[in-house]
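To start, the structure itself, in structure tokens.
Since every read-out is calculated from the coordinates, none of them should be taken as a lab result. Nothing here was measured: the structure is a model prediction, and the numbers come from that model. Here the Cβ is made from the backbone with ideal geometry for all residues, glycine too, and neighbour counts use every protein chain on show.
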Amino acid sequence: MSQEQQPGVGKKIVKGTGKVVLAPFRAVAQSGKLTKDQFVKSLKAGNLGEASSQIGENWKKAHTKGRNDQFFDIFGGADGAELLEMNLRRFLLKKRTALACMSAFVIYGVVCVVVFKAFFGLLGMVGAIILGTALATDAQFRLWQLRNHRLSREERGSFPDFWREEAIGRIFDPELFGGRRHGS
């Protein structure tokens with residue numbers, strides 16, 4: 001088949017790329033919508049003051065020792081294994097997407113600098129490296145927590161524990177061919 005017989009290939013690529021790039025923004029928008037819906041529901045029910053006091057209580061409890069979420073409290077139920085696998089896949093996809101986008105923009109920057117002698121490509125490369133590393137680090141931190149079954153400070157699952165125990169090079173490993181599985 002020639003390229004003329006395959007209409008819409010470019011549109012499919014653009015649409016797929018758009019979905020990958022806009023995925024984090026869609027998640028934030030959905031969270032905002034859910035929060036707004038919950039707020040409106042509380043407002044209509046007339047228990048906004050009650051909800052506000054509950055939020056305050058939850059905030060105070062979250063900062064007391066022993067009140068953080070424990071891994072087995074969240075993933076220990078009947079559907080815990082399925083929930084764990086779903087979260088592992090989600091964060092691995094987030095990490096791979098961050099690394100792929102970072103790589104694409106770095107390559108684009110190199111081409112701009114080398115071929116076109118446009119040194120603004122350096123700015124794009126630096127920005128891509130900073131943003132890609134930040135997103136990949138966040139995803140790797142969550143993967144580390146899930147794989148080691150440690151979410152709270154009491155379980156030694158905080159970010160400082162992650163920096164002490166996890167090799168920095170794993171942040172840039174896309175784990176494409178099976179790589180490291182959870183629990184290993």
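Applying a threshold of 31 Å to the alpha-carbon distances of Lys15/Lys41; Lys12/Lys41; Lys11/Lys33; Lys11/Lys36; Lys33/Lys94 flags Lys15/Lys41; Lys12/Lys41; Lys11/Lys36 as lying beyond it.
When Rg and the Kirkwood radius Rh are both evaluated on Cα atoms of segment 88-184, their ratio Rg/Rh stands at 1.09. For Val113 and Trp163, the FRET efficiency from 1/(1 + (r/R0)^6), where r spans their Cβ atoms and R0 equals 35 Å, is about 0.60. Computing FRET efficiency as 1/(1 + (r/R0)^6) for Ile13 and Arg170, where r is the C-beta to C-beta distance and R0 is 30 Å, gives about 0.50. The calculated FRET efficiency for the pair Asp37 and Ala104, based on their C-beta separation and a Förster distance of 35 Å, comes to about 0.45. For segment 154-160, the Karplus equation 6.51 cos²θ - 1.76 cosθ + 1.60, evaluated at θ = phi - 60°, returns couplings of 4, 8, 6, x, 7, 5, x Hz by residue, with Gly and Pro reported as x.
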